[in-house]
Amino acid sequence: MTGLCAAYGDSASVRDTKQLAEVMDYRALGGYDCISFSDCTLCHLHYNSTDKPHIDSQPFVEDSAAITLDGSIDNRSEVQDILRQHSTTTYANLTDAEFLLSAYRELGADSFNHIYGSYVGVIYDRTTNKTIIFRGLSGGRHLYYAKEVRGNTTLIASEVEALLQHQAVNSTVHKQSVSNYISGSISRQPISFHSSIERLRQGEYVVISGNETSHHRVVANDDPVDDSGGYCASQLRTQITQAISDRAKSKKSAGVMLSGGLDSSAIAAEMARQKGSQSVKGYSLIFPDEESIDETSNIRSLTQSSNIECIDLRKSVKQLFDEYNPFRYTFGHPCIDMSLPIFEAIFDRASADNIDILQTGIGGNLHDGNRLFYSDLSSLGEYQKIAQISNEDSVSALTIILYALLPSIFSTTRAITEIDKLNSSPPSLHENVLPTHMERFSRLETLRTYINLTNPYMDYALDACRQVALSHGIELQHPFLDGRILKALFQTHPADRFKNGYWKATFRDAVRNLLPQEIVRTPVSENTYNRISEQFSKLYIQEMDTERQAGRNTSSQEEVWRRICATEWVREVSVNGEIDTPLS
């Protein structure tokens, strides 16, 4: 299950849908299947994750509705409890697609408010002649849609490129979106980098009925924060174990991307624990010429304590970026992350080893500590404690001032209003659950977690990363984006994220007995990919900027990089000079 496409409208045809599927056929290692109705055609691209061909039997049709689903449901047992209040049906043996369609039949669109996971899908409701396209809050999978230039057919696909290659879709670049990206204020609105194409945002579903389209956001979690430290390390450890276990049910050969940092090490160690005597392959990129990017001691310590076979790829930073040019792909958007060459080097080797699935530590950053914790301490007059934390965590005085004083200057209402501008319906918490001095910062931290999760740049970058992985025959899995973990994160008390001078306090407690202590104590700031990006900036950005003259009047290396990406992308999508570069 690596992709899907659909066409809905009076003139929707199997030919339209197959044309979309053929652009993405590199994803369909198990082929693809279509099913057609009078006003809608659904198509599913298969990547068989079990030893039985087409086990998910998609598109799936039952009674008056049909579905195609790319992804998985993380909280089936919780949803089953809700469904049992409406029906005596047994749901145990249903595939995720069948289960979600059953939930839709019982609860309607409200079903999307209860289901957590990394998934996208299309439901065609034959009773109402409506098509519903939807995306889980966890992200990781993507869906785009566009109206035909003429007619009222809506085309839907997992990739922008599939839509762009359809003759009925207008490919005009949306210059304001490109401008926003360059300035670092990329829009959270549905519009993509093309004027006629919209992207489904995380936690959104869209109902299409004839010529009418309505957007809906999943109702955000509004459970109160437990100020007694309710989300404890044992619960998190259980959820991590379950998240990895659920993803390990595949019969395919799986490995892990291993940087030597806290997040990927935890994934690798838990995978090894679950596999017992069977070793886990961990893929690491080692840079022998860069002492500042050396986490081999962590990796060595991990392989000695767990049954992990580490495959080292040794390259210089220059060699890496010479071999894996990040601009050789067209993704339908310019958001190319500097770490993409690192990922592709690993995909190359893993593919040669016949690895089909790679688990990653992506999403681990959501467990980072609550920097607004300083604000709470300052509001209580705990300046001695602030000084102690600063000393323990090597936090600069400027950071202390920024995080301690700014939220005190701006009211909760003002801060939430500013965040509301970025997203129409962020998650909320019940008023007055916490003591007055904690409530403001708890709410802001919950919103900050949500903002990090739904960051449009990272969303697009993950889209690009998954496309490159699939082009190597590899599916990516991100256990830390498991819906159950994300739901719990929105309920985490701020004080549980930062303790004893360490960010990710609850997370560290959860994996304390799983990992060597030197890895457990690794500072959050020590991130291999960040340091690679820094080296890449030193080696290449100035040279690329001079060659392309993309960075004129720029204020930072990051902005230069965004301008270079936009320049390369616009050159790729321009046709006969019809689209002027927005950088000129």
- [ ] Would you mind putting 65-76, 100-111 in packing order, based on average other-beta-carbon counts within 10 Å, highest first?
- [x] 65-76, 100-111
TODO: Quick one: check the C-alpha center-to-center distance for the stretch 102-138 versus the stretch 242-276, whole angstrom.
DONE: 30 Å
Task: P(r) of the stretch 1-135 over all Cα-Cα pairs, binned every 10 Å from zero, in whole percent - done: 13, 44, 34, 10, 0
TODO: Could you tell me whether the stretch 118-171 comes out rounded, prolate or oblate from its Cα gyration tensor? Rule is a ≥ b ≥ c as square roots of the eigenvalues, rounded for a/c under 1.5, then prolate if a/b exceeds b/c, otherwise oblate.
DONE: oblate
Open item on the list: Pairs of alpha-carbon atoms within less than 8 angstrom and 6+ residues apart define the contacts here; what relative contact order does the stretch 60-167 have, in percent?
Closed with: 25 percent
Task: Carbon + sulfur, % of accessible area of the stretch 69-122 - ligands and nucleic acids excluded, 1.4 Å - done: 42 percent
Open item on the list: Could you order the peptides 504-511, 165-172 from most to least packed, using the average number of other C-beta atoms within 10 Å per residue?
Closed with: 504-511, 165-172
TODO: Provide the FRET efficiency to the nearest 0.05 for the Arg512-Lys318 pair, computing r from the beta carbons and using R0 = 30 Å.
DONE: 0.20
Open item on the list: Just to confirm a number: summing +1 for Lys and Arg and -1 for Asp and Glu over residues other than Ala464 whose beta-carbon lies under 12 angstrom from that of Ala464, what do you get?
Closed with: -4
Task: Rounded, prolate or oblate (a/c below 1.5 giving rounded, otherwise prolate when a/b exceeds b/c) for the stretch 64-210 by Cα gyration tensor - done: prolate
Task: Rounded FRET efficiency, nearest 0.05, which uses the C-beta distance separating Lys275 from Asp63 and R0 of 41 Å - done: 0.50
- [ ] Could you pull out the pairs from Lys249/Lys504; Lys252/Lys315; Lys147/Lys252; Lys18/Lys130 whose alpha carbons sit more than 31 Å apart here?
- [x] Lys147/Lys252
Task: Packing rank of 475-483, 270-278, where each peptide gets the mean count of other beta carbons within 10 Å, highest leading - done: 475-483, 270-278
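So, for the stretch 116-225, what is the accessible surface per residue at a probe of 1.4 Å, expressed in square angstrom?
Numbers: 3750 Å² over 110 residues.
Heavy-atom SASA per residue in the stretch 116-225 reads 34 Å².
Express the carbon and sulfur contribution to the solvent-accessible surface of the stretch 150-206 as a percent, rounded to the nearest whole number, probe 1.4 angstrom.
Numbers: 780 of 1890 Å².
Roughly 41 percent of what the probe reaches on the stretch 150-206 is carbon or sulfur.
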- [ ] Output the direction-averaged projected area (hull surface divided by four) of the convex hull of the alpha-carbon atoms of the stretch 258-337, in nm².
- [x] 6.8 nm²
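Nearest 0.05, what FRET efficiency do Arg15 and Ser297 give at R0 = 41 Å with Cβ-Cβ as r?
0.10
The values are calculated or read from the model by the stated rules, or taken from the named source; none is laboratory data. Quantities reported herein were computed from a predicted structural model and do not represent experimental measurements. Positions of Cβ are backbone-derived with ideal geometry, glycine not excepted, and every protein chain shown enters the neighbour counts. To get the accessible areas, we keep the full protein, side chains included, count just its heavy atoms, and leave off ligands, DNA and RNA. Shrake-Rupley method; radii C 1.70, N 1.55, O 1.52, S 1.80 Å.
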